[in-house]
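The structure under discussion appears below in the form of structure tokens.
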Amino acid sequence: FPDEVDAPLDVPARKRFAKYRGLKSFRTSSWDPKESLPPEYARIFAFDSFARTQKHVVAKALKVEQEGRDDCAPVGSFARFYIKEVPFHVASKLCAASRTAPIVLCGLLQHESKMSVLHFSIKKHDSYDAPIKSKEELIFHVGFRQFVARPIFSTDNINSDKHKMERFLHAGRFSIASIYAPISFPPLPLIALKNAAGAGTPAVAAVGSLRSIDPDRIILKKIILTGYPQRVSKLKATVRYMFHNPEDVRWFKPVEVWTKCGRRGRVKEPVGTHGAMKCIFNGGLQQHDTVCMSLYKRAYPKWPEHRFPANV
């Protein structure tokens, strides 16, 4: 399985996998969304009710547009803008760009200048063949905005409040891409661009739309520790190579174990000094079976090092 990892020999497993925990049930087990948040969460904005806020902001903007106020330019009129304190290198780039393409000036709704965690329903474009890894730098073109983001991909579980992280964006189906980005209000179309090595212009890597804004959406990264039965006696078995010292066995003892042939069981006690352990299963274990332990930790998007593409 792609989620399988080996416990290191030089570092105790209880330290290497300290951020991971076991779940009795991925769907029904509880996970506090406010627990052990990263430092980036101090820089973002969260809504008590995003749907109610969106309704209020859109209604307020529509009211301003229909009032015909003196400080608002009516539709179809010409307006001249004076922008102060613009750096010289930025102004020169704008002047050079205005000779070949129009420059779009847009206003922002309330809250749209703040950062939050945005979730996009995204699908890999049919013309893009290269793999797209999680936390890989992409150029997101959302509505009239364009910025750099490093998304993580996850499944969309309807019946659960937890979602499994995906290491790659798979072709042929929709996934959820989560990023740190300026707040926008759905629905908004998305075009994700990827800078190819040696290519001057970025290629279209994926398309989609804005799904929601929710910093409390729980995305879990899954790993599987594996061991092999050494001696089997009815429902009991001695398992080796999952851990390398008895302290690690005692640390992960409360986590349920399972096998690739469909058995489930629990760890009873460590055996010896080299990490072997005695397990009890709900059925007879075959000698060629593999004993597995699933561990989870919460995953977060990467904060982008720069907001805009390097060539802008």
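Odds and ends about this structure:
- Å² per residue, accessible surface of the range 1-159 at 1.4 Å: 73
- Using alpha carbons only: equivalent-ellipsoid semi-axes of the range 123-227, gyration tensor based, whole Å: 23, 19, 12
- Inter-part distance where the range 8-42 and the range 147-202 are each reduced to a Cα centre, Å: 23
- Of the trypsin sites (Lys or Arg not before Pro) in the range 219-248, the ones in a loop by DSSP (not H, G, I, E or B) with at most 15 other beta carbons within 10 Å are Lys234.
- Computed over the chain, the convex hull of the alpha-carbon atoms projects to a mean area of 22.1 nm².
- With each label modelled as a point 7 angstrom along the Cα→C-beta vector, the Ser30-Glu4 pair spans 3.5 nm.
- Eigenvalues of the alpha-carbon gyration tensor of the range 172-312, scaled by 5 and square-rooted, set the equivalent ellipsoid semi-axes at 47, 16, 16 angstrom, largest first.
- Cα gyration tensor category, rounded, prolate or oblate, for the range 54-143 with a/c compared to 1.5: oblate
- In this structure, the pairs whose alpha-carbon distance is over 22 Å, taken from Lys162/Lys297; Lys55/Lys135; Lys19/Lys253, are Lys55/Lys135.
- Tilt relative to the chain, helix 88-98 - C-alpha long axis, 0 to 90 degrees, to 10: 80
- Carbon plus sulfur fraction of accessible area for the range 21-111, probe 1.4 Å, in percent: 57
- Among Val64, Phe50, Ser29 the positive-end extreme of the charge dipole of the range 22-71 (Cβ point charges): Ser29
- Set Lys124/Lys221; Lys24/Lys114; Lys24/Lys234 screened for pairs whose C-alpha atoms are more than 29 Å apart: Lys24/Lys114
- Bridging of Lys93 to aspartates and glutamates at a Cα separation below 20 Å is possible for Glu85, once same-chain residues fewer than 8 apart are set aside.
- Average Cα contact separation per residue, the chain, under 8 Å, 6 or more apart, as relative contact order %: 21
The values are calculated or read from the model by the stated rules, or taken from the named source; none is laboratory data. Keep in mind it's a predicted model, so treat the numbers as computed, not measured. Cβ sites come from the backbone with ideal geometry, for glycine too, and all protein chains shown count toward neighbours. Note: areas computed on protein heavy atoms with side chains; ligands, DNA, RNA excluded. Shrake-Rupley method; radii C 1.70, N 1.55, O 1.52, S 1.80 Å.
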